[in-house]
Amino acid sequence: MGYMEHFSVKTFKQQLAMKKISLAFQGIFSQDVLALIGKSLRNTPESRVIAKRLFAIVIEMAQNIHHYSAEKQYSEKDGRDIGVGIVAIAEDDHHYIITSGNCIVKTEVPPLIERANYINGLSPEKLKEFYREQRKAPQREGKPGANLGFIDMVRKSGNPIEINIKEYDETRSFFILSVRVNKELQN
Amino acid sequence: MENFHIDGSTYIPRIDFNAETGVLEIEGESYHEYTTEFFGPIFSWLEDYLEESGKEITMNFKMSYFNTSSSRRFLEILTLLEEYQNNKEGKVVVNWYYEENDVDMLESGEEYADDVELTFNLLPY
């Protein structure tokens, strides 16, 4: 069997084009990968503020994968285990849709859903208060993140975050997170 | 006391803390994966620097992007400076620069200004 029958880059590219996926990365989310994604998002045609919001959301998703994915690989360069996952940006006429996917331990699913629901239910003012209150709270033991990612995603996008959980294996679920960002700046 | 300097790169900001002039600057982008590690030496330097009372300090933030984890570290820096002003006869001015039209960066500055009791200037560039 030829290589081409095993995997068609052309079909894959057509699929990406059909879904209007402008950026997709699958693998270990090392610091270098983040920097590269950051650079490529600079070329977003909309305003700089929108480009920065997209970038901010992608970075928060990527860093969640880096730290919390339940599938890890050792990175020689970083000298530690780094989370594996996928991040993609698609678009329709009025929005960018940023989606991330990674494995998480099953027991972590309910608290994440609960947190997302709580944050989605807050008004912009309450959300701002909650962000500042959480930022003042002490750093969580053993967790490198700031516990602000979900809040920041909702604030930056102006839209709720969506969570989807898929079966993966006995101990882990596949965690899918999506956020929609308006192309037009609204205030 | 020695000055403190870190060259900026894609994901770490340029840090320039001048012990003689009291001008402390953070500029660029900040999205290191492990901000506690990256900011560790910065806090050590600051703690030494703030030992002696009565200093006049200008803290300049000129960020184009920072992640949520860096945003925590910035609040910790500002809180240190606030304590210094309150307890050690320090005089601290914070200049928060934001790119003109960057409404999000302006809002971040406004929030920090509300979080700490320091003279806070919000300056477009």
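Computed from the coordinates by the stated procedures, all read-outs in this text should not be read as laboratory data. Quick caveat, the model's predicted, so the values are computed rather than measured. Don't worry about glycine lacking a Cβ; one is built from the backbone with ideal geometry, like all the others, and counts go over all protein chains shown.
Quick rundown of the values:
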read-out	value
Förster radius 22 Å - calculated FRET efficiency between B:Lys88 and B:Asp114 (Cβ-Cβ, nearest 0.05)	0.45
Among A:Ile86, A:Ile50, A:Ile113, residue whose mean-square fluctuation peaks in a GNM of chain A (springs only between Cα atoms under 10 Å)	A:Ile113
Helical segments meeting 20 Å axial Cα length and Kyte-Doolittle -1.0 threshold in chain A (DSSP H)	A:48-68
Value of relative contact order over chain B, rounded to a whole percent, pairs C-alpha under 8 Å and six or more apart	21
Full-extension gain in nm, A:Lys19 to A:Lys77, via 0.36 nm per residue minus C-alpha separation	17.5 nm
Range of Cα positions in chain A per principal axis (Å), largest first	59, 40, 32
Helix-only mean residue ellipticity at 222 nm for chain B, each DSSP H run of n ≥ 4 adding -39500 (n - 2.57), per residue, nearest 500	-12500 deg cm²/dmol
14 Å cut-off, amide nitrogen to a point 7 angstrom out along A:Gln26 Cα→Cβ, residues in segment A:83-97	A:84-89
Rounded Å value of the spacing that divides the Cα centres of segment A:91-144 and segment A:146-187	7
Segment A:Glu133-A:Arg115, extension gain: residue separation times 0.36 nm, minus the distance between their alpha carbons	5.0 nm
Antiparallel bridge percentage (DSSP; both residues within chain B; nearest 5)	25
Loop chymotrypsin sites (Phe, Trp or Tyr not before Pro), segment A:116-187 (other Cβ atoms within 10 Å of the site Cβ: 16 or fewer; DSSP)	A:Tyr168
Average beta carbon contacts from partner chains per residue of B:29-35, 10 Å cutoff	6
Backbone HN-Hα couplings from phi across segment B:69-81 [Karplus 6.51/-1.76/1.60, Hz, Gly and Pro as x]	5, 5, 5, 5, 5, 4, 5, 5, 4, 5, 5, 4, 5
Whether the protein assembly as shown is rounded, prolate or oblate, judged on the alpha carbon gyration tensor where a/c under 1.5 counts as rounded	prolate
Rounded to 5, the percent of DSSP beta bridges in the protein assembly as shown classed as antiparallel	65
Average beta-carbon neighbours from other chains, 10 Å sphere, peptide A:42-52	2
Pairwise centroid distance, computed over Cα atoms, of segment A:12-29 with segment A:59-80, Å	20
Residue-averaged [θ]222 nm for chain A, counting only DSSP H segments that reach four residues, each worth -39500 (n - 2.57)	-13000 deg cm²/dmol
Overall form of segment B:4-124 per C-alpha gyration tensor (a/c, 1.5; a/b vs b/c)	oblate
Peptide A:150-160 - average C-beta neighbours from other chains (10 Å radius)	1
Derived scalar couplings ³J(HN,Hα) [segment B:51-57; Karplus, 6.51 cos²θ - 1.76 cosθ + 1.60; whole Hz; x for Gly, Pro]	4, 7, 7, x, 7, 9, 10
